[in-house]
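The values are calculated or read from the model by the stated rules, or taken from the named source; none is laboratory data. Keep in mind that this is a model prediction, so the values were computed, not measured. Note that we place each Cβ from the backbone using ideal geometry, even for glycine, and neighbour counts take in every protein chain shown.
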Amino acid sequence: MTRVQAEIFDPGAELNAFMHGRTDMGAVVSFTGHVRGEAGKDTLELEHYPGYTEAEIAKIEQDALSRWPGIETHIIHRYGPMQPGEPIVFVAVCSAHRKDSFEAATFLMDYLKTGAPFWKKEKRGDKEVWIEPKDSDYKAKESWT
């Protein structure tokens with residue numbers, strides 16, 4: 001399941017809802033990314049193309065589901081303006097055993113970081129700075145090929 005939304009979310013509530021009543025899965029791994037509070041940064045804003053972004057994230061999710069049969073996923077990614085400390089991305093993966101959950105969650109984050117079509121800009125006072133993924137982000141993604 002994936003959601004792309006502007007609204008803030010509660011990672012704990014999302015994880016609880018994802019696993020509510022589940023007795024068939026022995027492992028769940030979750031990751032929540034937050035907007036970093038750096039000196040001078042007022043906000044982070046993400047732009048995207050509705051429909052296209054969701055379709056691309058669904059492809060990433062389907063790739064993970066194909067690589068690790070038997071996992072289930074829950075992905076949330078925000079767009080719009082966000083304040084430091086707010087959650088920006090949430091990934092949860094459950095499976096029968098922990099190794100698949102850890103690997104699939106890492107895979108999803110590595111691919112979301114570089115492959116999800118979002119355009120990021122930081123606002124610092126009256127300046128806007130567009131942000132690109134780091135070389136290390138691309139190397140992490142490449143490690144899965």
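Right, ARG22: exposed (fewer than 13 other Cβ atoms within 10 Å of the Cβ), within 30 Å of GLY125 (Cα to Cα) and of a type in the set (Lys, Arg) or not?
So ARG22 fails the test.
Among the candidates GLU61, GLU56, single out the residue that is free of Cβ contacts under 8 Å to residues at least 60 places away in the same chain and under 16 Å from the mean Cα position of the chain (by Cα).
None of the other options fit; the residue is GLU61.
Counting only residues that are farther than 17 Å from GLU47 by Cβ and not small (Gly, Ala, Ser), give me the strands (runs of 3 or more DSSP E) lying completely in the stretch 62-145 with at least 3 of them.
The qualifying strands (runs of 3 or more DSSP E) are 72-78, 87-95.
Condition first: within 28 Å of VAL129 (Cβ to Cβ), small (Gly, Ala, Ser) and not in a helix (DSSP H, G or I). Can you find one or more residues in the stretch 46-53 that meet it?
Checked the stretch 46-53: at least one residue is within 28 Å of VAL129 (Cβ to Cβ), small (Gly, Ala, Ser) and not in a helix (DSSP H, G or I).
List pairs: first in the stretch 69-92 and free of Cβ contacts under 8 Å to residues at least 40 places away in the same chain and surrounded by 19 or more Cβ atoms within 10 Å (Cβ to Cβ), second part of a strand (DSSP E or B) and not charged (D, E, K, R), Cβ under 9 Å, 6+ apart or cross-chain?
Within 9 Å, the pairs are ILE71/VAL93; ILE71/CYS94; ILE71/SER95.
Identify all residues within the stretch 29-53 that are free of Cβ contacts under 8 Å to residues at least 24 places away in the same chain and at positive phi; write none if there are none.
Of everything in the stretch 29-53, just one residue is free of Cβ contacts under 8 Å to residues at least 24 places away in the same chain and at positive phi, namely GLY51.
Tell me whether the stretch 19-34 contains one or more residues that are charged (D, E, K, R) and modelled with pLDDT of 95 or more.
For the stretch 19-34, residues charged (D, E, K, R) and modelled with pLDDT of 95 or more: absent.
From the list GLU72, GLU142, GLU86, GLU45, which one is in contact with a Phe, Trp or Tyr (Cβ under 9 Å, 6 or more places away or on another chain) and either of a type in the set (Val, Ile, Thr) or farther than 29 Å from ASP24 by Cα (or both)?
None of the other options fit; the residue is GLU45.
Look at the stretch 66-120 and say how many of its residues are over 29 Å from ALA39 (Cα atoms) and of a type in the set (Phe, Trp, Tyr).
3
Can you list residue pairs whose Cβ atoms sit under 6 Å apart, with the first residue in the stretch 5-28 being more than 20 Å from GLU54 (Cα to Cα) and the second being surrounded by 11 or more Cβ atoms within 10 Å (Cβ to Cβ) and of a type in the set (D, E, K, R)? Count only pairs 6 or more apart in sequence or on different chains.
Filtered contacts from the stretch 5-28: ALA27/ARG98.
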